[in-house]
1. Out of Thr171, Thr125, Thr157, which single residue is farther than 26 Å from Arg47 by Cα, surrounded by fewer than 16 Cβ atoms within 10 Å (Cβ to Cβ) and touching a Ser or Thr at 6+ places or on another chain (Cβ under 8 Å)?
2. Among the listed residues Phe148, Phe126, which satisfies the condition of being in a strand (DSSP E or B), assigned by TED's automatic domain parsing to the domain that holds Pro167 and at pLDDT 95 or above?
3. Could you list, in sequence order, all residues of the range 73-123 that are outside the structural domain of Pro57 (by TED's automatic domain parsing), part of a loop (DSSP other than H, G, I, E, B) and either among the hydroxyl-bearing types (Ser, Thr, Tyr) or more than 15 Å from the chain's Cα centre (by Cα) (or both)?
4. Which members of the range 129-139 meet the condition of being closer than 20 Å to Tyr163 by Cβ and either among the polar types (S, T, N, Q) or not assigned by TED's automatic domain parsing to the domain that holds Ser160 (or both)?
5. Could you run through the range 151-175 and say how many residues are in a strand (DSSP E or B) and in contact with a helix residue (DSSP H, G or I) (Cβ under 9 Å, 6 or more places away or on another chain)?
6. (1) farther than 30 Å from Arg41 by Cβ; (2) in a strand (DSSP E or B): which one isn't true of Met69, the others all being true?
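The values are calculated or read from the model by the stated rules, or taken from the named source; none is laboratory data. All values derive from a computational prediction rather than experimental measurement. When we count neighbours, we look across all protein chains shown, and the Cβ atoms used for this are built from the backbone with ideal geometry, even at glycine.
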Amino acid sequence: MKSAPNSTRKVFAVRQNLSTVLITGLLLLLSACTSYNPNDRMLGNSREQVIRTMGQPSTELTHPESRVMVYARGPFGKHTYFVYLDRDDTMARWTQVLDEKNFSRIMPGMTQDEIIAILGPSKDTFGLARQRGYVWNYRYVNPHCLWFQIEFTDENTVRSTGYGKPPECRTHPSF
């Protein structure tokens, strides 16, 4: 039996390596998708298991009865998840907080910390002219391509809230 020429073996090896790289990349991509959000199968998992699955939280909040790991999936993500840990540091529940019910809770005079306790941190911000303050933007799931906006004063308190179109939804006139 004849052995394959060296060039044929090299082509086969390159193809095999390329296939391995592509399959590995696809598996990594799929595993990344499964860790985007929490799910009920994770209830009872330890804090370390949650972090292994979802990555490091954006921030952590402390409540009297629990600790909250905040997963803000911005700037282009439309979800922020609060993962509640009980006193034993195991996942007790989770919720997605970017919705109309929580937006309606934001009132003038509230502080940044109060906003973060309700919506999590914003991943998309911009300053206002003449040192008038700044705006936090929250993309969220809605049929109208809107984002929720919070305008802060220079003293870091809420001045106003409203809805606007994010840059990717603005239409440009055709000439």
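1. Working: Thr171 fails: touching a Ser or Thr at 6+ places or on another chain (Cβ under 8 Å); Thr125 fails: touching a Ser or Thr at 6+ places or on another chain (Cβ under 8 Å).
Unique residue meeting the criteria: Thr157.
2. Values: Phe126 fails: at pLDDT 95 or above.
Answer to the check: Phe148.
3. Correct list: Ser104, Arg105, Ile106, Met107, Pro108, Gly109, Met110, Ser122.
4. Restricting attention to the range 129-139, the residues satisfying the condition of being closer than 20 Å to Tyr163 by Cβ are 132-139.
Correct list: Asn137 only.
5. Taking the range 151-175 as the starting set, the residues that turn out to be in a strand (DSSP E or B) are 151-152, 157-164.
Those left that are additionally in contact with a helix residue (DSSP H, G or I) (Cβ under 9 Å, 6 or more places away or on another chain): 152, 157-158, 161, 163.
Count: 5.
6. (1)
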